[in-house]
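Down below is the structure, laid out as structure tokens.
The values are calculated or read from the model by the stated rules, or taken from the named source; none is laboratory data. It should be emphasised that the depicted structure is a prediction, and the values quoted were computed from it without experimental measurement. Glycine gets a Cβ as well: all are built from the backbone with ideal geometry, and neighbour counts include every protein chain shown. Remember, those area values only see protein heavy atoms, side chains included, never the ligands or the DNA or RNA. Shrake-Rupley method; radii C 1.70, N 1.55, O 1.52, S 1.80 Å.
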Amino acid sequence: MTSYVSADLRNLVTARARGVCEYCLIHEHDTYLACQVDHIIAEKHQGQTEAGNLAYACTCCNRAKGSDVGAIAQTTAEFTRFFNPRSDRWADHCELRGVEVVARTPIGEATAMVLRFNDSERLLERTALASIGRYPPEH
């Protein structure tokens, strides 16, 4: 069962992220399915419904992540936690090369792999947005 996220808490999460998915950096206005409030650590893993455990995620990232907390990184062959928007800096773990998200660390690698940052459909979407100056977002 998912806990209720109050309107005030949803507004805080959205404002803190400036309307941008904290995982793939797409703006909520540029994604067909919009963005959602995501539990970074799922409730079934004892994650709390509080600001410090919530992120703003596009539907693609949120669905791909599900309740997962990490994956086996190919470079290390070890279980590696996902990028955490509350404690990590995105640029420390990933970088943009054009519209492709390239992992810099095993954390970035595990996150990019499971959230499917570079699937062909997502690259096409970001390419179209980049061509009109909408990706990446300015902040």
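Below, the figures for the structure above:
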{"quantity": "Set Val13, Val5: member being among the aliphatic types (A, V, I, L, M), part of a loop (DSSP other than H, G, I, E, B) and open to solvent by less than 30 Å² (accessible area, probe 1.4 Å)", "calculated": "Val5"}
{"quantity": "Matching residues, the range 106-139, being among the polar types (S, T, N, Q) and out of contact with any strand residue (DSSP E or B) (no Cβ under 8 Å at 6 or more places or on another chain)", "calculated": "Ser120, Thr127, Ser131"}
{"quantity": "Considering residues of the range 49-63 that are crowded, with 20+ Cβ neighbours inside 10 Å and in contact with a helix residue (DSSP H, G or I) (Cβ under 8 Å, 6 or more places away or on another chain) only, the residue farthest from Ser87 (Cα to Cα)", "calculated": "Cys60"}
{"quantity": "Some residue of the range 23-37 being crowded, with 19+ Cβ neighbours inside 10 Å, in a helix (DSSP H, G or I) and hydrophobic (A, V, I, L, M, F, W, C)", "calculated": "no"}
{"quantity": "Residues of the range 64-79 classified as of a type outside the set (Gly, Ala, Ser), surrounded by 17 or more Cβ atoms within 10 Å (Cβ to Cβ) and more than 21 Å from Leu25 (Cα to Cα), total", "calculated": "0"}
